[in-house]
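This report concerns only the one structure given below.
The values are calculated or read from the model by the stated rules, or taken from the named source; none is laboratory data. Remember, it's a predicted structure, so these values are computed and weren't measured experimentally. We place every Cβ from the backbone using ideal geometry, glycine too, and count neighbours over all the protein chains shown.
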Amino acid sequence: MKRLLLILSLIIPVAASAQNFVHLAKYEEQNVAVKDGPCVVVLIGDSITEGWVRHHGEYFNNGIIGRGISGEVSAQMLLRFRKDVVDLHPALVVINAGTNDIALNQGDYNEDYTFGNIVSMAQLAVANGIRPILSSVLPAGSFRWRPEVTDGPEKIAALNARIRAWARENGFSYVDYHSSMLSQDGRSMIQSYSNDGVHPTPEGYLVMEALLNEVFRF
């Protein structure tokens, strides 16, 4: 009995911390509401997607749903993909991940791991009858919360190339935010599209929306 209690004492904190790690409860109430209404497209991502809903909420109607969580890396998105995407039964999912991986939000960056997480989300979507739309990481010359990351633009370009190539190989749509939002220096985001070099302004979101609308086919 004592041994069983010891095992439970070890398992329960791990389970609780895992739930916190992926913020599984963040959209719990909204997800319940969505199941009773139309859900055609889910956008899953980090603060860029979360801010999109906050700053340009009028885009999120007629079945377009935002499921972004600030600070999250691709592994966290993958772990909550079933709850925040699959269980909502959309026709399409737009996957935007990689910014916070490169910014070292959850430890060292490994391109293979991040790319693999994005591929896994797309494959999970396909297995559940959802068409995945893959998107590029947005330009970012630096990350103000991680000044030690000085090679972000190079890592972003390399990851985007792999995402684009894999999307084409598998017949999936690829949305290239990066090319349309890249400044002339070839490293950072166009200044009018972001106030901090990472997160879009309303003008930046308009660019992203126009690109997405080109691939939405219902």
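Just so you know, in the range 27-52 the residues that are charged (D, E, K, R) and either part of a helix (DSSP H, G or I) or out of contact with any strand residue (DSSP E or B) (no Cβ under 9 Å at 6 or more places or on another chain) (or both) include one that is nearest to His199 (Cα to Cα), and it is Glu50.
Residues that are out of contact with any Pro (no Cβ under 6 Å at 6 or more places or on another chain) and more than 26 Å from Met181 (Cα to Cα): find the helices (runs of 4 or more DSSP H) completely inside the range 53-155 holding 1 or more of those. If you could, list the steps in order and put the result at the bottom.
Values: elements: 74-79, 81-84, 99-102, 111-127.
Output list reads 74-79, 81-84, 111-127.
If you filter the range 96-138 down to residues that are touching a residue at least 40 places away in the same chain (Cβ under 8 Å) and of a type in the set (Phe, Trp, Tyr), you find that the one that is nearest to Val215 (Cα to Cα) is Phe115. Considering Glu203, Glu209, the condition of being surrounded by fewer than 19 Cβ atoms within 10 Å (Cβ to Cβ) and within 19 Å of the chain's Cα centre (by Cα) is satisfied by Glu209 alone. Just the residues that are of a type in the set (Val, Ile, Thr) and closer than 17 Å to Asn160 by Cβ, please, taken from the range 184-218. Residues satisfying the conditions are Ile190, Val198, Val207, Val215.
Checking the structure you have, find out if any residue of the range 51-62 is over 24 Å from Val207 (Cα atoms) and at pLDDT 95 or above. Let's see the steps before the verdict.
Our first condition is that a residue be over 24 Å from Val207 (Cα atoms); within the range 51-62, this holds for none.
No, the conditions are met nowhere in the range 51-62.
Is at least one residue of the range 159-168 at pLDDT 95 or above, among the small types (Gly, Ala, Ser) and out of contact with any helix residue (DSSP H, G or I) (no Cβ under 9 Å at 6 or more places or on another chain)? The answer is yes; a qualifying residue exists.
What number of residues within the range 85-100 are of a type in the set (Asp, Glu) and farther than 21 Å from Glu28 by Cβ?
Kept after step one, since they are of a type in the set (Asp, Glu), are these residues of the range 85-100: 87.
Then drop every residue that is not farther than 21 Å from Glu28 by Cβ, which leaves none.
So the answer is 0.
If you check Gly171, Gly186 for being of a type outside the set (A, V, I, L, M, F, W, C) and either assigned to a helix (DSSP H, G or I) or farther than 26 Å from Asp151 by Cα (or both), only one passes: Gly171.
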